[in-house]
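Sharing a structure here in structure tokens format.
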Amino acid sequence: MNELESGIQALQKEVDSALTRLNFAELDAEARQLREKMAATDFWQDAEQAARISKRQADLDRRVGPWRTLQHDLHELLELAALDDASLSADIQAQQESLAQQFETLKGDLKFTGPHDANAAIVSIHAGAGGTDAQDWAEMLLRMYVRFAEKNSWKVTMVDESAGEEAGIKSVTFEVDGDFAYGKLKGEHGVHRLVRLSPFNADHLRQTSFAKVEVLPKIDQPEELEIDEKELKVDVFRSGGHGGQSVNTTDSAVRITHLPTNIVVTIQNERSQLQNKETAMTILRSRLAQLQLEQHAERISELKGPNEQAAWGNQIRSYVLHPYKQVKDLRTRHESSDPDAVLGGSLDEFIDAYLEHTLQV
């Protein structure tokens, strides 16, 4: 075996190891099966299901396609190197270096091996202690995540929002859809702390505010997580509003309680009761899936109720605007001296630091 061939084999071994960690064979097989379904003549008879399958297939192709190409190119290069033709050595070496660079780029996917990392994310922000300042802080966090999504060309869909009395928001829920949206945003789950000179008091004193961010993987397919209908309590009531034409005149708001865990989901942002129930069920499935991961339970029936108080006390990051400027993640110790950039959506360094941190622990 010549030196070039040996080097390519070593690279191929690294790629094979990465493919195993990514469950590549399983994902590739699923993508092929979905393509076969899409080729059926009656595929578009059920438009809703067809759209779901098409989206899943496109997502899978985006994930496995580059790896499939890398695997194919390495195999061809190895065959070329085995010819031991000195006139091809320079070209083979250049191609090997190019494939090695591609592999380094693709290795970022190895950070996203969780069961729901490729899913869209459902993000909720709740204003905490700090009154109007906290509600303003919750809105600042909303703006930060929306701008981060825009930088990544991700889609943001508002689900529900409760405005503050004077300024800001009491709470908001929105969906973020993009490549590995949940995998990248899951580290934002926890309590965020802001220290600044308050714009809402006459003395302009320093104020500490808190907001809780909840990040869930979007589980919108009932077959992904089955819930016993007998364990649900569904209440319908009249949606609140600010008055005018937007106020619902029917009982369209929906509250769903999962009795075993006492998880409650309330949605009143849509115009129809059916839309609200479907949205509430999606969020409920997502919360149960998150709880299942946290509690390492095999079945939903084994889940205990979430410890809300412990979650609230889980402060993950501080944003200080006065008397100095700093953003510090309390888990990874990653810092930035430019909070304006971070609050403007520049979160990549903090997200990467968290993902690296979780790989080490």
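At a threshold of 8 angstrom on Cα-Cα distance, excluding pairs fewer than six apart, so keeping six or more, what relative contact order does the chain reach in percent? Could you put the intermediate results ahead of the total?
Working: 573 pairs, mean separation 51.9, N = 361.
In percent, rounded to a whole number, it is 14.
Considering only Cα-Cα distances, which of the following residue pairs are longer than 18 Å: 233/277; 184/218; 37/277; 186/212? All intermediate terms of the calculation are to be shown ahead of the outcome.
Values: 233/277 12 Å; 184/218 13 Å; 37/277 29 Å; 186/212 13 Å.
Check vs 18 Å cut-off fails for 37/277.
Here's something else I'd like to know. Sort out for me the Cα centre separation of segment 91-156 from segment 158-191, rounded to whole Å.
13
I'd like to know which of 303, 44, 4 lies farthest towards the positive end of the charge dipole of the chain, counting +1 on Cβ of Lys and Arg and -1 on Cβ of Asp and Glu.
303
Please report the base-10 log of the normalised intensity I(q)/I(0) for the chain, using a Debye sum with one equal scatterer per alpha carbon and no solvent, at each q in 0.09, 0.13 (1/Å).
With no solvent term, the Cα-only Debye profile gives -0.64, -1.15.
Which percent of the accessible heavy-atom area of segment 94-250 goes to carbon and sulfur, probe 1.4 angstrom? Kindly include the intermediate steps, with their values, before the conclusion.
Values: 3370 of 7580 Å².
Roughly 44 percent of what the probe reaches on segment 94-250 is carbon or sulfur.
Cα axis of helix 89-106 to longest principal axis of the chain: angle in degrees, 0 to 90, nearest 10?
The two axes meet at around 20 degrees.
Oh, and also: Taking a 1.4 Å probe, which of 301, 318 shows the most accessible area, and what order do the others take after it?
Accessible-area ranking of 301, 318, largest first: 301, 318.
Could I ask something else about it? With each label point set 7 Å from Cα along the Cα-Cβ vector, what nm distance links residue 165 and residue 88?
7.8
Please work out how much accessible surface residue 340 shows to a 1.4 Å probe, ignoring ligands, DNA and RNA, in Å² rounded to 10.
Around 100 Å² of this residue is reachable by solvent.
If each DSSP helix of 4+ residues adds -39,500 (n - 2.57) and the sum is divided by the residues in the chain, what number results at 222 nm, nearest 500 deg cm²/dmol?
The per-residue figure over the chain is -14500 deg cm²/dmol.
Nearest 10 degrees is fine. How inclined is helix 47-81 to the longest principal axis of the chain, computing both from alpha carbons?
Roughly 30 degrees, rounded to the nearest 10.
By how many degrees, 0 to 90 and rounded to 10, does the Cα axis of helix 131-151 deviate from the longest principal axis of the chain?
So the inclination is approximately 30 degrees.
Rounded to the nearest percent, how much of the accessible area of segment 34-78 (1.4 Å probe, protein heavy atoms only) is carbon and sulfur?
On the way: 1480 of 2840 Å².
Ligands and nucleic acids excluded, carbon and sulfur give 52 percent.
Identify, among 149, 169, 316, the residue whose Cα sits farthest towards the positive end of the charge dipole of the chain, taking +1 on the Cβ of Lys and Arg and -1 on the Cβ of Asp and Glu, with the dipole about the Cα centre.
Final value for the positive-end residue is 169.
Kindly report, to the nearest 10 Å², the accessible surface of residue 30 as traced by a 1.4 Å probe over protein heavy atoms only.
60
Report the full-extension gain for the segment residue 55 to residue 6: residue separation times 0.36 nm, less the Cα-Cα distance, to one decimal in nm.
Values: separation 49, 0.36 × 49 = 17.64 nm, distance 4.01 nm.
Roughly 13.6 nm would be gained on extension.
Dipole size in debye (nearest 20) for the chain around its Cα centre, Lys and Arg Cβ +1, Asp and Glu Cβ -1?
On the way: 40 positive and 60 negative charges, 318 e Å.
Approximately 1520 debye in magnitude.
Going by the alpha-carbon gyration tensor, a ≥ b ≥ c the square roots of its eigenvalues, is segment 1-148 rounded (a/c under 1.5) or, if a/c is not under 1.5, prolate (a/b greater than b/c) versus oblate? List each step's numbers first, then the result.
Values: a/c = 3.58, a/b = 1.66, b/c = 2.16.
Oblate, because a/c is 1.5 or more while a/b does not exceed b/c.
Please tell me the relative contact order of segment 1-101 in percent, rounded to the nearest whole number, where contacts are Cα pairs under 8 Å and at least six residues apart. Provide the component values of the computation, followed by the final result.
Details: 50 pairs, mean separation 43.3, N = 101.
It rounds to 43 percent for segment 1-101.
Given a 1.4 Å probe, how much area per residue of the chain is accessible, in Å²? Intermediate values should be presented prior to the final figure.
On the way: 19400 Å² over 361 residues.
Dividing the accessible area of the chain by its residue count gives 54 Å².
The values are calculated or read from the model by the stated rules, or taken from the named source; none is laboratory data. None of the values given here were measured: they were computed from a predicted structure. All Cβ positions, even for glycine, are placed from backbone atoms using ideal geometry, and neighbour counts span all protein chains on display. Quick note on the areas: whole protein, heavy atoms, side chains included, nothing else; ligands and nucleic acids left out. Shrake-Rupley method; radii C 1.70, N 1.55, O 1.52, S 1.80 Å.
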